[in-house]
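The values are calculated or read from the model by the stated rules, or taken from the named source; none is laboratory data. Since the model is a prediction, treat every value here as computed from it, not as a measurement. Glycine also receives a Cβ, built like all others from the backbone with ideal geometry; neighbour counts cover every protein chain displayed. All accessible areas refer to the heavy atoms of the entire protein, side chains included, with ligands and DNA or RNA removed. Shrake-Rupley method; radii C 1.70, N 1.55, O 1.52, S 1.80 Å.
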Amino acid sequence: MKRYFEYIGLLVITCFSFYYTEKVTKIMNSKDPIMVNIEEYKEVSYVPCREGYKTTGGVVLGVNGKIVDTTKSYSNMQGYGYQEDLMVFEEVECNVNLDNSKDSYIIKANEATGSVSLFVNVIDGTYLKDIVSISKYKGVKINFIVTGSVLETYKDYMKEIYNDGFDIVYGGVEENDFKKYLSVMKEFQASERRFCVNLGIKDNLDMCMKSKINTIKPEFIYSFDMFLNTKKTLSKGNFYVYKENDKIKEELSPIINYITGKQIKIVSISELLN
């Protein structure tokens with residue numbers, strides 16, 4: 001019994017020693033000029049979440065903020081002194097985000113992103129390479145809406161442009177066709193840059209939600225007069241869908257010029273929503 005109490009006493013002393021050492025270390029670190037500078041920078045660099053909101057038609061996502069991780073930043077600067085480029089940040093996550101919005105249509109990105117995302121609904125691939133060529137020349141990333149069958153048909157080329165940063169999203173409504181999309185995207189090793197798009201033909205939200213994929217429901221879908229319609233409705237956070245035809249081949253370049261001329265970025269859907 002005596003030895004038992006000795007063990008208990010030793011354990012208590014050890015725990016207290018760890019606690020005391022940690023306290024002393026924190027106090028010493030708090031007075032270190034590096035830590036003082038980090039704490040000051042943390043206050044002025046804090047970016048809060050720009051919260052999203054829900055509507056009857058769907059959700060508008062928030063934009064995550066950021067805050068300095070003092071412990072990791074301090075560790076990074078050991079041996080180098082205080083340097084802002086060694087600062088480490090952690091995200092301040094919004095309540096309305098991608099992870100908890102899979103059961104709702106995403107109808108718009110947050111205006112605070114200062115960006116829009118453009119989609120081309122691939123019909124038969126006739127103008128696919130032309131559209132990619134224009135996008136690359138202009139330095140922007142267009143999203144391509146496909147069915148599973150279309151994706152299978154152009155699998156090799158789709159893999160190439162996916163690896164170049166173009167997002168390939170699903171626009172069909174049939175279960176078997178959706179499985180084709182998932183199968184090919186698995187071959188691409190795509191686990192995160194996967195989205196569904198609802199084009200108003202038939203509901204596909206539940207089907208995509210079961211595969212833990214977010215569904216976008218664009219308000220602006222154009223088959224002709226694409227430049228004029230985009231010009232009339234242009235607003236940060238919007239999604240624009242264009243039908244693959246000779247019109248978008250002609251008008252894509254002017255559309256890009258107009259949007260970027262308004263100091264609005266054109267980014268892929270994965271970048272816009274993340």
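When restricted to residues that are under 15 Å from Val241 (Cα atoms) and out of contact with any strand residue (DSSP E or B) (no Cβ under 7 Å at 6 or more places or on another chain), segment 136-146 contains 1. Checking each residue in segment 202-244 for being charged (D, E, K, R) and under 23 Å from Leu128 (Cβ atoms) picks out Asp225, Lys243, Glu244. For segment 139-150, the criterion of being touching a residue at least 40 places away in the same chain (Cβ under 8 Å), under 19 Å from the mean Cα position of the chain (by Cα) and open to solvent by 60 Å² or more (accessible area, probe 1.4 Å) is satisfied by at least one residue.
The single condition among (1) under 19 Å from Val63 (Cα atoms); (2) out of contact with any Lys or Arg (no Cβ under 9 Å at 6 or more places or on another chain); (3) open to solvent by 50 Å² or more (accessible area, probe 1.4 Å) that Glu271 does not meet is (2).
Among the residues of segment 171-196, which ones are part of a helix (DSSP H, G or I), exposed (fewer than 15 other Cβ atoms within 10 Å of the Cβ) and among the acidic types (Asp, Glu)? Selection gives Glu175, Glu187. Checked against the criterion of being within 14 Å of Leu118 (Cβ to Cβ), at pLDDT 95 or above and in contact with a helix residue (DSSP H, G or I) (Cβ under 8 Å, 6 or more places away or on another chain), the candidates Ser149, Ser135 yield just one match: Ser135. Every condition in (1) free of Cβ contacts under 8 Å to residues at least 12 places away in the same chain; (2) open to solvent by 60 Å² or more (accessible area, probe 1.4 Å) is met by Val36 except one, and the failing one is (2). Scanning segment 236-263 for residues that are assigned to a strand (DSSP E or B) and open to solvent by 30 Å² or more (accessible area, probe 1.4 Å) yields a single hit, Lys243. Residue count for segment 83-139 satisfying the condition of being basic (Lys, Arg) and over 28 Å from Lys210 (Cα atoms): 3.
Checked against the criterion of being of a type in the set (Lys, Arg) and either over 21 Å from Gly148 (Cβ atoms) or in contact with a Leu (Cβ under 8 Å, 6 or more places away or on another chain) (or both), segment 224-233 has at least one qualifying residue. On inspection, Ile221 qualifies as touching a Lys or Arg at 6+ places or on another chain (Cβ under 9 Å), part of a strand (DSSP E or B) and open to solvent by less than 80 Å² (accessible area, probe 1.4 Å).
Rundown of residues vs (1) modelled with pLDDT of 95 or more; (2) among the polar types (S, T, N, Q), yes/no style:
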{"position": "Ser191", "(1), (2)": "no, yes"}
{"position": "Pro218", "(1), (2)": "yes, no"}
{"position": "Lys236", "(1), (2)": "yes, no"}
{"position": "Tyr242", "(1), (2)": "yes, no"}
{"position": "Gly261", "(1), (2)": "yes, no"}
{"position": "Ser270", "(1), (2)": "yes, yes"}
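Of everything in segment 87-125, what is crowded, with 17+ Cβ neighbours inside 10 Å and either without any contact (Cβ under 8 Å) to a residue 24 or more places away in the chain or of a type in the set (Gly, Ala, Ser) (or both)? Give them in sequence order. Passing the criteria: Ser101, Ser104, Ala109, Ser115, Ser117. Within segment 61-76, can one find any residue that is under 23 Å from Ile168 (Cβ atoms) and surrounded by 19 or more Cβ atoms within 10 Å (Cβ to Cβ)? Yes, because at least one residue in segment 61-76 is under 23 Å from Ile168 (Cβ atoms) and surrounded by 19 or more Cβ atoms within 10 Å (Cβ to Cβ). Restricting Gly57, Gly79 to those that are part of a loop (DSSP other than H, G, I, E, B), open to solvent by 30 Å² or more (accessible area, probe 1.4 Å) and in contact with a strand residue (DSSP E or B) (Cβ under 6 Å, 6 or more places away or on another chain) reduces the list to Gly57.
Applying the selection to segment 213-272, what residues are among the small types (Gly, Ala, Ser) and either closer than 11 Å to Ser115 by Cβ or under 21 Å from the mean Cα position of the chain (by Cα) (or both)? Within segment 213-272, Ser235, Gly237, Ser268, Ser270 qualify.
This table checks each residue for (1) modelled with pLDDT of 90 or more; (2) within 22 Å of Val197 (Cα to Cα); (3) among the aromatic types (Phe, Trp, Tyr).
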| site | (1), (2), (3) |
| --- | --- |
| Ile27 | no, no, no |
| Gly65 | yes, no, no |
| Thr70 | yes, no, no |
| Ser75 | yes, no, no |
| Gln83 | yes, no, no |
| Ser115 | yes, yes, no |
| Val120 | yes, yes, no |
